[in-house]
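Here the structure comes first, spelled out in structure tokens, and everything after it is commentary.
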Amino acid sequence: MPIIVKSNLSKQLIHFLKSKLLKGELMVLPTETVYGLAGLGTNIKAAKKIFLLKKRPLKKKLIFHCSSLKMVDKFFNLDDENLILAKEFWPGPLTLVLQRKSLEIPKSLTLNNECAVRIPNNKFTLNLIDKVGKPLVMPSANKFKQLSPINSEMVFQQFIETNLLIVDDGKCKVGIESTLIKISDNKLNIIRPGMISLENLKKKLPYIISKYNKNLSFPGTSKKHYSPKKKIYLNVKNAKKKSAYINFGANKKDQFKNLSKNRSLIEAAKNLYHFIFLADNDKQYKNISIAPIPYKKIGIAINDRLRRASK
């Protein structure tokens with residue numbers, strides 16, 4: 001059974017977790033997006049444990065998490081447009097595809113010598129990575145294709161058969177996975193949408209050509225993903241009998257939960273996975289139905305996740 005510990009910046013806890021990571025052990029750490037299953041990014045054995053525990057295909061690459069631009073630059077090539085975006089959006093929910101620089105990064109964790117990299121915006125995890133001194137690989141702390149966890153309880157249920165250590169830092173502030181992009185040949189390719197929208201990126205790089213390009217070797221691009229056990233129905237306007245209705249906008253009779261009665265897409269993203277999790281575990285409902293979500297800004301990412309979850 002997993003062990004949950006509350007996050008704190010005590011030297012004792014940080015030192016304990018650092019020693020476990022350096023030994024190749026895994027743990028679950030908080031970020032602003034979702035909770036991550038963390039292992040040392042320079043240790044291929046730790047990475048293999050992650051793939052095995054998540055039942056994740058080896059072809060699906062992992063995201064490297066660093067604590068600073070200095071650390072990123074030590075292990076990966078960070079320059080030109082990527083550096084502009086890094087300075088603007090890190091720490092934060094943006095992942096960049098960068099060339100590997102350091103041979104400490106196992107080549108088998110790269111795709112054509114490229115890696116997905118970001119700096120998470122969570123004080124505890126940044127402090128721990130800094131003390132470790134090396135990047136951590138940290139995909140979402142879920143079983144492959146299942147719901148991403150935004151609190152420790154969601155992690156606990158998915159890995160109840162393990163003895164994983166889970167660092168509890170409360171509910172994630174963003175609630176869905178980072179925007180994942182690749183820049184090459186003056187083109188900005190959005191591989192996975194997230195909170196940082198195309199409009200946000202274009203403000204910093206107005207001259208660059210942009211498009212959506214779902215490279216299936218990177219995280220979050222499987223046709224079926226983020227899925228609960230129950231069937232999900234999308235763009236449902238009113239509650240139906242025996243269906244947990246997750247609303248968006250003004251409250252409605254018989255709704256199960258409301259992502260945001262004020263129609264805030266940011267609030268909706270923060271609540272999305274948790275409300276689906278609650279509906280999935282409520283035995284009085286046979287399935288889950290979700291109200292229409294506007295297709296703009298972070299709503300693009302929400303619709304992307306829901307489309308995959310409903311497959």
Can L126 be described as closer than 23 Å to E25 by Cα, crowded, with 17+ Cβ neighbours inside 10 Å and more than 13 Å from the chain's Cα centre (by Cα)?
-> yes
Quick one: which residue in K237, K187 is at pLDDT below 95 and outside the structural domain of D282 (by TED's automatic domain parsing)?
-> K187
Looking at region 1-28, which of its residues are touching a strand residue (DSSP E or B) at 6+ places or on another chain (Cβ under 6 Å) and buried (at least 16 other Cβ atoms within 10 Å of the Cβ)?
-> P2, S7, L21, L26, M27, V28
Can we say S148 is crowded, with 20+ Cβ neighbours inside 10 Å, in contact with a strand residue (DSSP E or B) (Cβ under 7 Å, 6 or more places away or on another chain), of a type in the set (S, T, Y) and over 12 Å from Y35 (Cβ atoms)?
-> no
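Condition check ((1) within 17 Å of K171 (Cα to Cα); (2) surrounded by 20 or more Cβ atoms within 10 Å (Cβ to Cβ)) across all residues:
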| residue | (1), (2) |
| --- | --- |
| K237 | no, no |
| S243 | no, yes |
| N251 | no, no |
| K261 | no, no |
| A269 | yes, yes |
| F277 | yes, yes |
Among the candidates K270, K253, residue that is more than 14 Å from K230 (Cβ to Cβ) and part of a loop (DSSP other than H, G, I, E, B) = K253
Which residues, taken from region 29-39, are surrounded by 24 or more Cβ atoms within 10 Å (Cβ to Cβ), under 19 Å from P91 (Cβ atoms) and either assigned by TED's automatic domain parsing to the domain that holds L272 or not small (G, A, S) (or both)?
-> L29, P30, T31, T33, V34, Y35
Evaluation of L128 against (1) in a strand (DSSP E or B); (2) in contact (Cβ under 8 Å) with a residue 40 or more places away in the chain (one fails), failing number | (1)
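Residue-by-condition table, conditions (1) over 20 Å from the mean Cα position of the chain (by Cα); (2) closer than 19 Å to F144 by Cα; (3) exposed (fewer than 15 other Cβ atoms within 10 Å of the Cβ):
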| residue | (1), (2), (3) |
| --- | --- |
| K59 | no, yes, yes |
| S67 | no, no, no |
| D73 | yes, no, no |
| G92 | no, no, no |
Just to be sure, is K134 modelled with pLDDT of 95 or more, basic (K, R) and within 12 Å of the chain's Cα centre (by Cα)?
-> no
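Residue-by-condition table, conditions (1) surrounded by fewer than 21 Cβ atoms within 10 Å (Cβ to Cβ); (2) in a strand (DSSP E or B); (3) within 18 Å of the chain's Cα centre (by Cα); (4) not aliphatic (A, V, I, L, M):
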position: V167; (1), (2), (3), (4): no, yes, yes, no
position: G175; (1), (2), (3), (4): no, no, yes, yes
position: K182; (1), (2), (3), (4): yes, yes, yes, yes
position: K203; (1), (2), (3), (4): yes, no, no, yes
position: Y207; (1), (2), (3), (4): yes, no, no, yes
Enumeration of residues in region 69-96 that are of a type in the set (F, W, Y) and farther than 21 Å from K187 by Cα = F75
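The values are calculated or read from the model by the stated rules, or taken from the named source; none is laboratory data. Remember, it's a predicted structure, so these values are computed and weren't measured experimentally. As a convention, Cβ positions derive from the backbone with ideal geometry for all residues, glycine included, and neighbour counts pool all protein chains shown.
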